[in-house]
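A.B. asks: Below you'll find the structure I mean.
Rule-based calculations on the coordinates, nothing more; no lab input. Because the structure is predicted, anything quoted here is derived from the model rather than measured. Neighbour counts are summed over all protein chains in view; Cβ atoms, including those assigned to glycine, are modelled from backbone coordinates with ideal geometry.
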Amino acid sequence: RKVLGILASGRGSNLQSIMDAILADRLQAKIGVVISDKPEANALRRVIGMDIPAVCIERRKFASKQDFEQALAAELKLHRVDLVVLAGFMRLLGSEFLSRFAGRVMNIHPSLLPSFPGLEAQQQAIDYGVRVSGCTVHFVDQGVDSGPIILQEAVPVLPEDTAGILAERILAVEHVLYPRAIQLFCQGQLKLAGRRVLLEERGSHL
Ligand code: GAR
């Protein structure tokens, strides 16, 4: 089984959906470690009693961003992580980290990229007035939410939506899409062709 290293800064509902998918055997993977940059992150609480190592690595404990990311990388290596899964991890990773895990870092973002990268994607969608938004799972490159796209799914934006209501509607889809994308990686079904990700079918429908 491929080993996942999950990085989460907050609530951890995507982490939960990944744990649930593994328990239900919809995802054949193992979580090697959960790392948060925030000691108070609810994500860390979700793994209590699950026999999954949970570690907090705080940026402020390191002199530089590079040292911080070195510590992240060391922890991931220690647990022999094959795929780094960003699940509400609210920091940009630098080039040194990304080159150590080239093609092996995934993120989920609450918009249909390349629309509305960065912070508060749901508010951006509402402010722009789009009728459709959604979520995107992508490989991470050095830009902000700019890497090769793996899966996307759309949800409607309704006239009375607030950012919070839209976020909830998108989140429900995230919880299905992220485990599915990770499973594709774990089954070796994702191939990079330039910036395009080709999905190799293995009898499983998407
Ligand atoms: C999710 O909606 C995720 O798409 C978003 O943060 C939320 C984390 O929720 N990520 C980003 O905005 C990344 N730029 P969670 O902690 O409950 O998984």
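A.B. asks: Take the residues in region 150-194 that are free of Cβ contacts under 8 Å to residues at least 12 places away in the same chain and more than 12 Å from the ligand (Cβ to nearest atom), then tell me which one is nearest to VAL105 (Cα to Cα).
C.D. replies: Within region 150-194, the match that is nearest to VAL105 (Cα to Cα) is LYS191.
A.B. asks: Then there's this: Since GLU96 meets every condition but one in (1) more than 27 Å from ASP20 (Cβ to Cβ); (2) within 12 Å of the ligand (Cβ to nearest atom), which condition does it not meet?
C.D. replies: (2)
A.B. asks: Of everything in region 9-26, what is on the phi > 0 side of the Ramachandran plot and within 13 Å of the ligand (Cβ to nearest atom)? Give them in sequence order.
C.D. replies: Across region 9-26, the qualifying residue is only GLY12.
A.B. asks: If you don't mind, another one. Look at ALA29 and say whether it is crowded, with 21+ Cβ neighbours inside 10 Å and either more than 18 Å from the chain's Cα centre (by Cα) or away from the ligand (no atom under 16 Å from the Cβ) (or both).
C.D. replies: For ALA29, the condition - crowded, with 21+ Cβ neighbours inside 10 Å and either more than 18 Å from the chain's Cα centre (by Cα) or away from the ligand (no atom under 16 Å from the Cβ) (or both) - is met.
A.B. asks: Which residues, taken from region 119-145, are under 19 Å from the mean Cα position of the chain (by Cα) and more than 12 Å from the ligand (Cβ to nearest atom)?
C.D. replies: Once the filter is applied, which keeps residues that are under 19 Å from the mean Cα position of the chain (by Cα) and more than 12 Å from the ligand (Cβ to nearest atom), region 119-145 yields PHE139, ASP141, GLN142, GLY143.
A.B. asks: List pairs: first in region 16-28 and part of a helix (DSSP H, G or I), second within 16 Å of the ligand (Cβ to nearest atom) and of a type in the set (Gly, Ala, Ser), Cβ under 8 Å, 6+ apart or cross-chain?
C.D. replies: ILE18/ALA87
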